[in-house]
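Here the structure is laid out as structure tokens; the discussion comes afterwards.
The values are calculated or read from the model by the stated rules, or taken from the named source; none is laboratory data. Being a predicted model, the structure only gives us computed values, none of them experimental. All Cβ positions, even for glycine, are placed from backbone atoms using ideal geometry, and neighbour counts span all protein chains on display. Only protein heavy atoms, including side chains, enter the accessible area calculation; ligands, DNA and RNA are left aside. Shrake-Rupley method; radii C 1.70, N 1.55, O 1.52, S 1.80 Å.
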Amino acid sequence: FSHTEIIFYEDRNFQGRSYECMSDCPNMSSYLSRCHSCRVESGCFVVYDRPNYMGNQYFMRRGEYADHTSFGISGSVQSCRLVPQHRGSYRMKIFERENFQGQSHELVDDCDSIVDRYQISDCQSCHIIDGHWLMFEQPHHRGRMLYLSPGEYRSIKDLGYRGMRISSVRRIVDSC
């Protein structure tokens, strides 16, 4: 049994004060004044540039991130969430409009382009039935990202980004 852990450092190149985290942390400022590098010892995490799991999101797998810009974050990590390990199937239902309205499609695997595969212009609500997923603003898993765990999401635009369009989705299958 390996414990899941991410270590945050105040300065680049793993310098300055550090904070070891093994679960969700809604506000890093209680532990560090800023966070400019981190090391994921094991597991997978999503880090956010605002407290309480808000703002820009970044998916981090095992490895060393010597500089916060190396994982795309411009400011400082303010909160982080552990991605639980999932064994088994993946299932989600996407809806064209908010509140589970409009065309709907079920996904059981990654999708490089929702528009190309399903001929719908947008995905504004979804129901994650099994597994943990990443949704992306641009095709081929690029651009801004949203992490979603099992549950019902009536309005994706209420999850942190105004006017974000979902164009591709990916399962988190890393044996983190």
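Annotations for the structure displayed:
- Per-residue ellipticity at 222 nm computed for the chain from its helices equals -500 deg cm²/dmol, with DSSP H segments shorter than 4 residues left out and the rest contributing -39,500 (n - 2.57).
- Percentage relative contact order, the range 5-83, counting C-alpha pairs under 8 Å, at least six apart: 35
- The 1.4 Å probe gives accessible areas that order Arg171, Arg162, largest first, as Arg162, Arg171.
- Computed lengthening from His3 to His140, 0.36 nm per intervening residue step minus Cα-Cα distance: 46.2 nm
- Charging the Cβ of each Asp and Glu at -1 and of each Lys and Arg at +1, and nothing else, the dipole of the chain about its Cα centre rounds to 180 debye.
- Over the range 88-175, relative contact order from alpha-carbon pairs under 8 Å, at least 6 apart, %: 33
- Under Stokes-Einstein, with the Kirkwood radius over Cα pairs as Rh, the value for the chain at 20 °C and 1.002 mPa s is 128 µm²/s.
- Summed residue charge, Cβ within 15 Å of Ser79's Cβ, Lys/Arg positive, Asp/Glu negative: +1
- Peptides 16-24, 88-96, 4-12, 42-50 ranked from most to least packed, by the mean per-residue count of other Cβ atoms within 10 Å: 42-50, 4-12, 88-96, 16-24.
- Taking one quarter of the surface of the convex hull spanned by the alpha-carbon atoms of the range 1-96 gives a direction-averaged projected area of 7.3 nm².
- Rel. contact order, % - alpha carbon contacts under 8 angstrom, at least six apart, the chain: 18
- √(5λ) per eigenvalue of the Cα gyration tensor, the range 58-131, largest first, Å: 30, 16, 13
- Pair-distance distribution P(r) for the range 101-176, from all Cα-Cα distances in 10 Å bins starting at 0: 20, 58, 21, 1 percent.
- Förster-model FRET efficiency, 45 Å R0, Ser33 and Ser89, C-beta, rounded to 0.05: 0.55
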